[in-house]
């Protein structure tokens, strides 16, 4: 059976409304550019559930997310700087 636009491997897809501020806060948990909102929200739920049973492990997960996010930001900054230098040479 072919998948329709409304389905993914994991089931039906839905739309939710978010305030712009909420969207921006969710994006701050993005570890890489192509990470979907579904991935990010699942990660949030995982950390919340983990925090109940193992707060120290949850803290380590959040630190890892922070490190990966910083690395992504640094790489994007480097790419922009390299593009700007390339434009100056032209």
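Quick notes
- Subset of the range 24-43 [outside any loop (DSSP other than H, G, I, E, B) and out of contact with any helix residue (DSSP H, G or I) (no Cβ under 8 Å at 6 or more places or on another chain)]: 24, 25, 38, 39, 42
- Residues that are at pLDDT 90 or above and assigned to a helix (DSSP H, G or I) do not occur anywhere in the range 80-87.
- Residue in the range 12-26 that is exposed (fewer than 10 other Cβ atoms within 10 Å of the Cβ), touching a residue at least 24 places away in the same chain (Cβ under 8 Å), under 17 Å from the mean Cα position of the chain (by Cα) and at negative phi present: no
The values are calculated or read from the model by the stated rules, or taken from the named source; none is laboratory data. All values derive from a computational prediction rather than experimental measurement. Neighbour counts are summed over all protein chains in view; Cβ atoms, including those assigned to glycine, are modelled from backbone coordinates with ideal geometry.
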